[in-house]
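What follows draws every value from the coordinates through simple rules; no lab data is involved. All values derive from a computational prediction rather than experimental measurement. Cβ atoms come from the backbone with ideal geometry, glycine included; neighbour counts cover every protein chain shown.
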Amino acid sequence: MMVLSITHIIVPILLMAGLGLFFGILLAVLAKVFYVKEDVRVETLTSMLPGYNCGACGYPGCNGLAKAIIDKKATVDSCKPSKPDQKQAIREWLDSLPKDEKL
């Protein structure tokens, strides 16, 4: 018969708590170091597109087209299912952006 002492319980608990704390801090630091800043213009433009993600424009969904439009690799007219009033609203929004705007 094995006799359990308090150290057989406390040591593993402290070890797991220490490992959890270490990896939690490591994860928080690495999240700050490898943070990727998203371009909010792409998110706004994606919400202005129809959202069908059909790929008719030649890009992988509306988010891909929005990135291409922001990078000036595509035009608003590339979106086939978009209505003319949607396209005009997007053009006006793009014209309202500062020309030298960075992320």
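Annotations for the structure displayed:
- Mean Kyte hydropathy of -0.5 or more with a Cα span along the axis of at least 30 Å, helices from DSSP in the chain: 7-33
- If you take the Cα centroid of the range 1-44 and the Cα centroid of the range 48-103, the two points sit 41 Å apart.
- Rg/Rh for the range 10-52, where both radii come from Cα atoms and Rh is the Kirkwood radius: 1.43
- Relative contact order %, the chain, counting alpha carbon pairs below 8 Å whose residues are six or more apart: 21
- Exposed loop positions in the chain were taken to be trypsin sites (Lys or Arg not before Pro) whose DSSP state is not H, G, I, E or B and which have at most 13 other beta-carbon atoms within 10 angstrom. Between these positions, the longest stretch is 1-36.
- Dipole magnitude for the chain: computed about the Cα centre from +1 point charges on Lys and Arg Cβ and -1 point charges on Asp and Glu Cβ, it is near 160 debye.
- Using the Cα coordinates of the range 43-103, the gyration tensor eigenvalues translate into equivalent-ellipsoid semi-axes of 18, 13, 9 Å, sorted from longest to shortest.
- Residues Q86 and N53, FRET efficiency given R0 of 22 Å [Cβ-Cβ distance, rounded to 0.05]: 0.90
- Label-to-label distance, nm, for residues given as T75 and I10 (7 Å Cα→Cβ offset): 7.6
- Taken over the chain, the percentage of Cα pairs per 10 Å bin, counting from 0 up to the bin with the maximum distance, is 13, 30, 15, 11, 11, 9, 8, 3, 0.
- Sites matching GluC sites (Glu not before Pro) across the range 32-103 that sit in DSSP coil, with at most 11 neighbouring C-beta atoms within 10 Å: E38, E101
- Extension gain, F23 back to V3 (0.36 nm per residue minus Cα-Cα distance, nm): 3.9 nm
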